[in-house]
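**Student:** One structure, pasted below without further comment.
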Amino acid sequence: MKQATIGISDSKSFDLKQITSSVLNNSVVVFSTNYLPMARINIRRAVALLISGRAEPLDLQDTKLVWVLRSPSVAIEVPHHIRLKITTSERLWKLPSVSRRELLRRDGHRCQYCGSAKQLTIDHVIPRSKGGTHTWDNVAIACEACNHKKGDKYLSDTGMTLKTKPKAPMHPTVAFAEQFWQSRGDRE
Ligand SMILES: [Zn+2]
């Protein structure tokens with residue numbers, strides 16, 4: 001079987017559908033134009049960005065890390081890190097206002113008192129009747145039973161405890177960057 005390793009730039013006719021390799025389950029880290037790690041995307045998307053010229057290989061510390069995708073006729077090298085060449089995809093991010101949907105996501109669809117995933121409601125940690133605000137640091141997902149049990153009382157008067165301290169969602173780039181550099185630190 002004849003196989004040639006080709007660069008992305010030579011691969012305009014490359015057909016990803018021919019590839020069934022498990023390599024496709026891996027992911028690639030995308031950096032912004034100003035070298036901030038933004039997201040982890042699957043290899044199909046990375047190849048799409050590279051072939052379309054929206055991104056370029058980014059070689060961190062001269063490591064030359066690549067995933068090799070093989071089809072019956074060719075092999076293609078996909079770098080582990082790529083950098084966007086355009087800035088239009090970097091949208092401005094605003095802190096979302098408190099909503100049930102965002103709150104459920106933040107709290108992992110679990111009651112923050114007992115861990116139940118059923119009959120979830122929004123609890124104000126300091127009750128609204130006692131001046132508690134409808135802000136990220138004062139809301140938590142609670143099941144109906146816990147919300148009822150807590151009632152109109154301060155948390156300290158109930159003997160109940162929160163699994164996590166309520167806080168505002170982190171900027172996605174910041175969150176991702178933190179996680180990314182932590183995981184690199186773990187390996188080296
Ligand atoms: Zn509960």
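The values are calculated or read from the model by the stated rules, or taken from the named source; none is laboratory data. Model, not experiment: these values are computed from the prediction. Cβ sites come from the backbone with ideal geometry, for glycine too, and all protein chains shown count toward neighbours.
**Student:** Quick check on my filter: what residues within the stretch 67-82 are modelled with pLDDT under 80 and in a strand (DSSP E or B)?
**Tutor:** Of everything in the stretch 67-82, those that are modelled with pLDDT under 80 and in a strand (DSSP E or B) turn out to be Leu69, Arg70, Val74, Ala75, Ile76.
**Student:** Sticking with this structure for a sec: Could you identify the single residue in Lys85, Lys165 that is more than 30 Å from Ser52 (Cα to Cα) and modelled with pLDDT of 70 or more?
**Tutor:** Being more than 30 Å from Ser52 (Cα to Cα) and modelled with pLDDT of 70 or more holds for just one of Lys85, Lys165, which is Lys165.
**Student:** Restrict the check to the stretch 143-153 and report whether at least one residue is part of a helix (DSSP H, G or I) and of a type in the set (A, V, I, L, M).
**Tutor:** Scanning the stretch 143-153, I find at least one residue that is part of a helix (DSSP H, G or I) and of a type in the set (A, V, I, L, M), so the answer is yes.
**Student:** Return the pairs, sorted by first residue and then second, in which the second residue is assigned to a loop (DSSP other than H, G, I, E, B) and within 9 Å of the ligand (Cβ to nearest atom), the first residue lies in the stretch 108-128 and is free of Cβ contacts under 8 Å to residues at least 60 places away in the same chain and among the aliphatic types (A, V, I, L, M), the beta carbons are less than 7 Å apart, and the residues are 6+ apart or on different chains.
**Tutor:** Sorted first by the residue in the stretch 108-128, then by its partner, the pairs are Ala117/Arg110; Leu120/Cys111.
**Student:** If you don't mind, there's one more thing I want to ask. Keeping to the stretch 96-133, report how many residues are part of a loop (DSSP other than H, G, I, E, B), more than 16 Å from the ligand (Cβ to nearest atom) and out of contact with any His (no Cβ under 7 Å at 6 or more places or on another chain). Steps first, answer last, please.
**Tutor:** Pass one, the stretch 96-133, residues part of a loop (DSSP other than H, G, I, E, B): 96-99, 107-119, 125-127, 131-133.
With more than 16 Å from the ligand (Cβ to nearest atom) added as a condition, the list becomes 96-99, 126-127, 131-133.
Going one step further and asking which of them are out of contact with any His (no Cβ under 7 Å at 6 or more places or on another chain), we end up with 96-97, 99, 126-127, 131, 133.
Residues that pass the stated criteria total 7.
**Student:** Would the stretch 150-159 turn up any residue that is surrounded by 12 or more Cβ atoms within 10 Å (Cβ to Cβ), of a type outside the set (D, E, K, R) and in contact with a strand residue (DSSP E or B) (Cβ under 7 Å, 6 or more places away or on another chain)?
**Tutor:** no
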